[in-house]
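What follows is a set of notes on a single structure, which appears directly below.
The values are calculated or read from the model by the stated rules, or taken from the named source; none is laboratory data. Predicted model, so just to flag it, every value in this text is computed and none were measured. Cβ sites come from the backbone with ideal geometry, for glycine too, and all protein chains shown count toward neighbours.
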Amino acid sequence: MFSSSGFFIHRCCALIARKKSLCEITFATTIIYPQKRSIITIAAEKMEEASSSVSALPASMQEYLIHFAQVHETFRKPELESLAALFNIEYKLLQYSEKSPFARIALRSNTDAKLLISRSILGKAIYELWGSGHTYPEIHADVKKRTSDLWHLYKTCSFRFSFECYNGNRTEPKKKELIEGFSYVGFDGPIRMKNAQETFTIMEDFEATSIQETDRLAALNLEEKTAVPSCNPTHLDEPHQLYLGRLIGKSSRAVVEIYDLKKRNYIGTTSMDAELSLVTANMAHAAPGKLAYDPFVGTGSFAVACAHFGAVTFGSDIDGRMIRGTKAGKSLRSNFDQYKIVDRYGDMFVSDLTNSPLGRFGGGNGDRSDRIFDAIICDPPYGVREGLKVLGSRDPNRPKAPTIIDGIAQHTLRDYVPPKRPYSFEKMLNDIMNFASIHLVTGGRLCIWLPTADEDTHEFTIPTHSNLKLESVCVQSFNKWARRLLTYTRTSMEHVEEHNGIATIGNTAADEVDSVEEKQNRTANDLNIFRRKYFEGFKTPPSSGDSGGL
Amino acid sequence: MKLLTANFLSCAVKACKSSPLSFPLHFKDAELASKSVPYNPILLSNLLPRLDWPALVTSSSELGFTLPQQKPEITPFTPTSSEDGDAVMSGAGEEDEKTLRMLHKVLMETEVVEGKMVCGSCGFEYGIHQTVANFLLPSHLV
């Protein structure tokens, strides 16, 4: 695989993301600035605006409420869609906004609701909606209207009431008072704060919605949490939206703690934080009985995340030291031992995507099909510090013969380090897309993380492939740059036949990059626009040579 | 390196991809280890259609395992919605179970810790060290 040791920028974002997921603290204000929104984001927001009013409940469906974490907002809906597709659950989002942690959704049954939330990382819990309103008189009226025929079902069971406030807070006596307000439901069972049979949650959303909508949205963009109530001019003293829900199921969000990088036995500078690794595994449909592969496995962040959800995972890296680890007991594999998922450790090996051993003679169809994996996930090296490398010599005129010193062919020595040459990010992307097309089963998923410079000055082109259908684009913004998680599904066989031939299944435009020119002594900067922009501080406008494609 | 993975790999040298001798790679000087891991019938029944059986028979025999010449027929596994999440084979006969147990041992529990994998076409030897195989090529083969 491509060289992936020590990419400062990559490490930065891993650290930032990690810190963020840990405590969702406000220091993010110092690094996240208002972003010019890309076309995709704007389009997404338009769609969102359209759905921000409550849609009608389809027949034979019930209304539920999902409580999301207010982080990584652009990932929340795609994760939900992905899980619904994985479990084959029919749903309709009735109300969703990236500004609020509460979303209304229509589902067929409690079973579906429980299943849908069970694997979610960005969702916290799902509730049967008992009522909603802008004020307490409104919600009480709604609860009575919707559920008075259900109250007798919970008359004797143990129960508890809990409180969730977003962007606001209540004192304990006030909470108690508000809970008492629901006493008309007439539950006589014992109140248990732990292990209650039923949990009813009052949810309050304090976030104001109307004032200077566009400006505020731009300013807050991804970091709602930075808007501390006291210094938010649009913050209200009273919640503008209230819900009462009966808890149906909790998510897998608690798992994020277990896989926390701080507690992980073996990590590297490029390890992806637990939260986003697990979200990626959800996007990739990692599940029991499936095979997942990470061609830039590094220290195995995605591998453990996919294994957590039951998939057997394989990985490779151009740097074997990353896989083996440096000292005894600290290796990629030791993480599988730590999390007790060693039965889902497939194999790790050292290789380079441009000269991959994966695939077999006669591959393409039948028993010898090369379509082995259900999921391919990767966070390719951005090549900031060292530049991207693949196998081969920088010198195209170097004789094609083994290097022999003292009668020993050097490559046969155990500590032999093969020469590597610079490689372009665009070409690598193209290689990944082609590789996924060849090796994914129909319906299999490709998840790929891409760094992009600020859309202000640099156009972002989503890579395409005739055999891969784009499912979603999620954006994580940093100061002056962002990274995106792109998810694709491998389409059915038919597209392959159009292209006839194994080596050329569904080519992308970048295949036509002049390889002779590329093999010559071009520098890492020439070959990697993102790297160049990084060192230029993302300041310069695009030169005529830039055609996007980052 | 597991036999499972070996079934997906051929020689990394591009010129060898057109030779039937490049697949499977042949084990040499293999030092084996066996580690007991939980039996996973869902995985095995998903894996079976993706295996190249003749190649698996060849690789297995190089490591001292004898597999039937014909790929076993297993009723496709349909996940049952068992509440405890335990993997249960629905409708799997005793014969199927026996075959799957044997495959589990060969594919999932056996590993080459040290040794080599050799291409039958070009003769290049890929080293396996601490279970991790190295497929990097010297520049004259790229």
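Counting residues that are surrounded by fewer than 24 Cβ atoms within 10 Å (Cβ to Cβ) and more than 10 Å from chain B (Cβ to nearest Cβ), which helices (runs of 4 or more DSSP H) fully inside the stretch A:300-382 reach at least 3? Steps first, answer last, please.
Numbers: elements: A:301-308, A:320-324, A:332-338.
Here the list reads A:332-338.
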| message | Conditions first: (1) more than 8 Å from chain A (Cβ to nearest Cβ); (2) of a type outside the set (Asp, Glu); (3) surrounded by fewer than 19 Cβ atoms within 10 Å (Cβ to Cβ). B:Leu44 passes all but one, so which condition is the exception? | response | (3)
| request: State whether the residues of the stretch B:17-26 include one that is more than 7 Å from every other protein chain (Cβ to nearest Cβ), part of a strand (DSSP E or B) and not aromatic (Phe, Trp, Tyr). | output: yes
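Hey, among the residues in the stretch B:28-41 that are touching a residue at least 12 places away in the same chain (Cβ under 8 Å) and closer than 27 Å to A:Asp374 by Cα, which one's nearest to the other protein chains (Cβ to nearest Cβ)? Steps first, answer last, please.
Just the residues of the stretch B:28-41 that are touching a residue at least 12 places away in the same chain (Cβ under 8 Å), to begin with: B:28-37, B:39-41.
Those left that are additionally closer than 27 Å to A:Asp374 by Cα: B:34-37, B:39-41.
On the way: B:Ser34: 13, B:Lys35: 8, B:Ser36: 9, B:Val37: 4, B:Tyr39: 9, B:Asn40: 6, B:Pro41: 9 Å.
Filtering first and then ranking leaves B:Val37.
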| message | I'm checking my understanding of the structure. Among residues of the stretch B:111-126 that are buried (at least 19 other Cβ atoms within 10 Å of the Cβ) and over 19 Å from A:Arg360 (Cα atoms), which one is farthest from the other protein chains (Cβ to nearest Cβ)? | response | B:Gly115
| said: With the requirement that a residue be among the hydrophobic types (A, V, I, L, M, F, W, C) and facing chain B (nearest Cβ under 7 Å), what does the stretch A:383-431 give you? | reply: A:Leu391, A:Ala401
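Any idea which residue in the stretch A:370-411 is modelled with the lowest pLDDT, counting only those that are at positive phi and assigned by TED's automatic domain parsing to the domain that holds A:Thr313? Spell out the reasoning first.
Our first condition is that a residue be at positive phi; within the stretch A:370-411, this holds for A:383, A:387, A:392, A:406-407.
Adding the requirement that they be assigned by TED's automatic domain parsing to the domain that holds A:Thr313 leaves A:383, A:387, A:392.
Numbers: A:Gly383: 70, A:Gly387: 65, A:Gly392: 84.
Among residues in the stretch A:370-411 that are at positive phi and assigned by TED's automatic domain parsing to the domain that holds A:Thr313, the one modelled with the lowest pLDDT is A:Gly387.
Conditions (1) in the same structural domain as A:Trp151 (by TED's automatic domain parsing); (2) closer than 12 Å to A:Gly249 by Cβ; (3) assigned to a strand (DSSP E or B), marked per residue:
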| site | (1), (2), (3) |
| --- | --- |
| A:Ala103 | yes, no, yes |
| A:Ala106 | yes, no, yes |
| A:Ala113 | yes, yes, no |
| A:Leu116 | yes, yes, no |
| A:Ile126 | yes, yes, yes |
